[in-house]
Amino acid sequence: MAIKVYKKNTAGRRNMSIVKPDDLTSKKPEKSLLAPMTQKAGRSHGKISTRHQGGGHKRRYRLVDFKQQKFDIPGKIIAIERDPNRSALIALVSYKDGDKRYVLASEGMKQEVEIVSGENAPIKKGNRTVLKNIPSGTIISNIELVVGKGGQLSRSAGSGAILMAIDGKMAQLKMSSNEIRLVSKECYATIGKVSNFEHSAEKLGKAGRNRWKGKRPEVRGSAMNPVDHPHGGGEGRQGIGLKHPKTPWGKPALGKKTRKKKRYSDKFIVKRRVKK
């Protein structure tokens, strides 16, 4: 894994960098595992429902297998690829029965390495097995919340959870946010953390790279007029003049708890995440 920093020969190149994973292959995406993506541009019935979305490069969705339910059939990694729809890398796996699937690449995955998914799979990076068979203290990723539903937790680049203990029917997990939660010990998880951990160190360098991703410009509320935003107005640069920051519609913007007070999953959270 290396970070390439560009020469400062233009304003846009100044401080721009890209992450170049060592094991990335130059192979084109597998055609049978691509699906079309329609652009919504943050609109519902033609009206903007999510601001700052629109444009962006045309992309195709990669059909990633989050369940990995080809149990006890070894698969060989034939390519490590970038996915334009996620921060993590993906691995193209060819199974012994001839089937090909994309899976989330975990740290250390390389070409020609064999991985396997199953209840009795060896405890090795990249393999997938049930939580009850994983030793305490192991870093895991792509974790199921509901048995058989497929991985839902720890799927972004560099993320992983620590399996703290098995207690009765539940496994205790410590998330990267320091939240401690309970998950059924029959749920599946992948050994090792997700690949491309240096993704967060990448510097865009210019606004155009955000436009390629479909992100439109944001304007500060304090730069607007009072008619357009609660933070607007004033001569010169001013503070917002409010006890708490607000959205353009007058709702609390920072620190407001939005989680339902009686959510069904509250009983599975042992310790809340620490707000930074």
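Residues in the range 257-265: is at least one crowded, with 17+ Cβ neighbours inside 10 Å and either in contact (Cβ under 8 Å) with a residue 60 or more places away in the chain or outside any loop (DSSP other than H, G, I, E, B) (or both)? Show your work before the answer.
Kept after step one, since they are crowded, with 17+ Cβ neighbours inside 10 Å, are these residues of the range 257-265: none.
Checking the range 257-265: not a single residue is crowded, with 17+ Cβ neighbours inside 10 Å and either in contact (Cβ under 8 Å) with a residue 60 or more places away in the chain or outside any loop (DSSP other than H, G, I, E, B) (or both).
Does residue 117 meet the test of being of a type in the set (S, T, N, Q), more than 15 Å from the chain's Cα centre (by Cα), crowded, with 18+ Cβ neighbours inside 10 Å and modelled with pLDDT under 90? Let's see the steps before the verdict.
On the way: of a type in the set (S, T, N, Q): yes; more than 15 Å from the chain's Cα centre (by Cα): yes; crowded, with 18+ Cβ neighbours inside 10 Å: yes; modelled with pLDDT under 90: yes.
Judged against the criteria, residue 117 is a match.
Kindly check whether there is at least one residue in the range 180-200 that is assigned to a strand (DSSP E or B) and of a type in the set (Gly, Ala, Ser).
Taking the range 180-200 as the starting set, the residues that turn out to be assigned to a strand (DSSP E or B) are 180-184, 188-191, 194.
Filter once more, keeping what is of a type in the set (Gly, Ala, Ser): 184, 189.
So far as the range 180-200 goes, yes, one or more of its residues are assigned to a strand (DSSP E or B) and of a type in the set (Gly, Ala, Ser).
Quickly run through the range 244-262 and pick out the residues that are out of contact with any Lys or Arg (no Cβ under 8 Å at 6 or more places or on another chain) and at pLDDT 90 or above.
244, 245, 246, 247, 248, 249, 250, 251 - these are the residues of the range 244-262 that are out of contact with any Lys or Arg (no Cβ under 8 Å at 6 or more places or on another chain) and at pLDDT 90 or above.
Is it the case that residue 148 is in contact with a helix residue (DSSP H, G or I) (Cβ under 6 Å, 6 or more places away or on another chain) and outside any strand (DSSP E or B)? Quick ask: steps written out before the conclusion?
Working: in contact with a helix residue (DSSP H, G or I) (Cβ under 6 Å, 6 or more places away or on another chain): no; outside any strand (DSSP E or B): yes.
For residue 148, the condition - in contact with a helix residue (DSSP H, G or I) (Cβ under 6 Å, 6 or more places away or on another chain) and outside any strand (DSSP E or B) - is not met.
Can you find a residue that is under 23 Å from residue 100 (Cβ atoms), at pLDDT below 90, charged (D, E, K, R) and surrounded by fewer than 18 Cβ atoms within 10 Å (Cβ to Cβ) anywhere in the range 127-138?
no
If I ask for residues that are in a loop (DSSP other than H, G, I, E, B) and either out of contact with any helix residue (DSSP H, G or I) (no Cβ under 8 Å at 6 or more places or on another chain) or among the acidic types (Asp, Glu) (or both), which ones from the range 157-175 would you list?
Here is the first cut: in the range 157-175, the ones in a loop (DSSP other than H, G, I, E, B) are 157-160, 168-169, 175.
The answer is 159, 160, 168, 169, 175.
Hey, does the range 86-98 have a residue that's in a loop (DSSP other than H, G, I, E, B), at pLDDT 90 or above and farther than 23 Å from residue 127 by Cβ?
no
Is it the case, given these coordinates, that residue 51 is within 26 Å of residue 143 (Cα to Cα) and not acidic (Asp, Glu)? Spell out how you get there, then give the answer.
Numbers: within 26 Å of residue 143 (Cα to Cα): no; not acidic (Asp, Glu): yes.
So residue 51 fails the test.
So residue 211 ticks every box in (1) buried (at least 16 other Cβ atoms within 10 Å of the Cβ); (2) within 30 Å of residue 9 (Cα to Cα); (3) of a type in the set (D, E, K, R); (4) touching a Gly at 6+ places or on another chain (Cβ under 9 Å) but one. Which box is left unticked?
Result: residue 211 passes all but (1).
The values are calculated or read from the model by the stated rules, or taken from the named source; none is laboratory data. Just so you know, these numbers come straight off a predicted model, no measurement behind them. As a convention, Cβ positions derive from the backbone with ideal geometry for all residues, glycine included, and neighbour counts pool all protein chains shown.
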